[in-house]
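Working notes, structure below.
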Amino acid sequence: MQLRYTFRIEPGPGQRVALGRAFGCARVVYNDALRAREDARRDGLPFPRTGDLSKLLITDAKHRPERAWLSEVSTVVLQQSLRDLDTAYRNFFDGLKGRRPRMGAPRFKSKRDNRQAVRFTANARWSLTPGGKLRLPKIGDVRVRWSRKLPSVPSSVTVVKDAGGRYFASFVVQTDPSEMLPETTGEVGVDLGLTHFAVLSDGRKIASPRFFRRAQRKLRKAQQNLARKAKGSSNRKKAVVKVARAHARTADARKDFHHKLSTTIVRENQAVHVEDLAVKGLARTRLAKSVHDAGWSTFVGMLEYKAARHGRSFTRVERFFPSSRLCSVCGVMDGPKPLHVREWTCGNCGTVHDRDVNAARNIKTEGSKIAAGQAETQNARGAQVRPAPVPAPRATRTPVRKKQEPTRSSWPTGRVQTGTPGL
């Protein structure tokens, strides 16, 4: 598994200027390539390939007066910018084909974007010095705030500048098989909520920190201060940075809480079962602010990748599973319960249930059944051991229309749509 290790870096004044130059050159090459492909689509010409664009927009452009400053940055940064454009097109076409959620066509980048980033691969010959600094081509040795050791030699590094003016180095590393944790007998079901962030099937309840709610007063004050500044003034730019840093502190605190809690759960249990919540739907209700403040999707994603990294089992229970209506003792289905009902008594066995703890126990039971069912249908090599589903007789089949592939004439208007899916 490949993971990212992100550390804060502290470039000097001259290094910040060099990084800003690299951000700008990568952005210009990206926009030039996007413009070339858009013009080719408009004129009905073949789709320009990445190799041709690299020669035209990087190699040849350095010899033209209007683009001579491209030679002041590493060529690898410019080439990786073209790879990013290819990825954007690939994701767009995969969305049209239904292979992934739909997303918009590639758009032009602006120098006023809150986030700027450049990537250095092994070809750029970047390195870590014996003193622990990050040596970047045509930038210099940058100080890194190391909080832990890298598990292996990184394959690439991405330098990021966020909206608050902070700089980060994100290393891509390959995990070590020695990070597999020893097996344990623990198994837990996790019920996520708002009053309590997580309720475990063993009865433990983790209170919701509500980071945004606690910082809301300071954020409101910073945003009001920003609204009073004249547009285009230097004071407004400073106020924008203050607002961005306030939001960054809240996001960092939430991420730290998610990491610590997910690590604890994965280390203590061999199997983790979580309910698959409809976060997008809940975010359109009156609870939207609290739902976004909780960050359920990020937390579940951390549980999933950490379980795979450390050799644990992770299961998602479908969102329509009635975890709050079932009695975890006798399994009898009870009626629907409003949110204000936090305790209820089973009419069959008379057990008094805590709503959240009962739901977590039901999630654990259902997740164990799902995991056992997956184990029965596959052997050690992952091959099917049960017979494949038998198709229905021809007379009982329902005719299904073949999904038509998107064509140029069927593409929605108002977007930059070019090229073929074969990127």
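The values are calculated or read from the model by the stated rules, or taken from the named source; none is laboratory data. If you're wondering where the values come from, they're calculated on a predicted model, not measured in any experiment. All Cβ positions, even for glycine, are placed from backbone atoms using ideal geometry, and neighbour counts span all protein chains on display. For accessibility, only protein heavy atoms count, side chains too; no ligands or nucleic acids. Shrake-Rupley method; radii C 1.70, N 1.55, O 1.52, S 1.80 Å.
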Quiz item: Of the residues THR285, THR315, which is under 21 Å from the mean Cα position of the chain (by Cα) and either of a type in the set (D, E, K, R) or under 30 Å from THR345 (Cβ atoms) (or both)?
Solution: THR315
Practice problem: Using the structure shown, decide if ALA248 is in contact (Cβ under 8 Å) with a residue 24 or more places away in the chain and open to solvent by 20 Å² or more (accessible area, probe 1.4 Å). | Solution: no
Quiz item: Among SER323, SER297, which is the only one that is closer than 30 Å to PRO151 by Cα and either among the small types (Gly, Ala, Ser) or at pLDDT below 90 (or both)?
Solution: SER297
Quiz item: Looking at the range 242-258, is at least one residue more than 21 Å from the chain's Cα centre (by Cα), among the basic types (Lys, Arg), part of a helix (DSSP H, G or I) and closer than 25 Å to PHE168 by Cα?
Solution: yes
Quiz item: Residues of the range 324-366 being aliphatic (A, V, I, L, M) and either under 30 Å from SER313 (Cα atoms) or open to solvent by less than 70 Å² (accessible area, probe 1.4 Å) (or both), which ones?
Solution: LEU326, VAL329, VAL332, MET333, VAL341, VAL357, ALA359, ALA360, ILE363
Quiz item: If you go through the range 209-225 one residue at a time, do you hit one that is under 30 Å from ALA371 (Cβ atoms), in contact (Cβ under 8 Å) with a residue 40 or more places away in the chain and open to solvent by 20 Å² or more (accessible area, probe 1.4 Å)?
Solution: no
Quiz item: Is one or more of the residues making up the range 91-106 within 25 Å of the chain's Cα centre (by Cα), in contact (Cβ under 8 Å) with a residue 24 or more places away in the chain and open to solvent by 90 Å² or more (accessible area, probe 1.4 Å)?
Solution: no
Exercise. Can you confirm whether the range 63-79 contains a residue that is among the aliphatic types (A, V, I, L, M) and exposed (fewer than 12 other Cβ atoms within 10 Å of the Cβ)?
Key: yes
Quiz prompt | Subset of the range 173-208 (residues that are out of contact with any strand residue (DSSP E or B) (no Cβ under 7 Å at 6 or more places or on another chain) and either in a helix (DSSP H, G or I) or open to solvent by 80 Å² or more (accessible area, probe 1.4 Å) (or both)) | solution = PRO177, SER178, GLU179, MET180, PRO182, GLU183, THR185, THR195, ARG204
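Okay, residues lined up against (1) over 26 Å from ARG4 (Cα atoms); (2) assigned to a strand (DSSP E or B); (3) among the β-branched types (Val, Ile, Thr):
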| position | (1), (2), (3) |
| --- | --- |
| ARG267 | no, no, no |
| ARG286 | yes, no, no |
| ASP293 | no, no, no |
| THR315 | no, yes, yes |
Exercise. Please state which one of GLY51, GLY24, GLY44, GLY14 is loosely packed, with under 13 Cβ neighbours inside 10 Å, within 17 Å of LEU82 (Cβ to Cβ) and of a type outside the set (Ser, Thr, Tyr).
Key: GLY51
Practice problem: Search the range 151-192 for residues being over 16 Å from LEU134 (Cα atoms) and of a type in the set (Gly, Ala, Ser), and hand back the single one that is farthest from the chain's Cα centre (by Cα). | Solution: GLY186
Self-check item: Selected residue [of a type outside the set (A, V, I, L, M, F, W, C) and surrounded by fewer than 15 Cβ atoms within 10 Å (Cβ to Cβ)] from GLY132, GLY164
Solution: GLY132
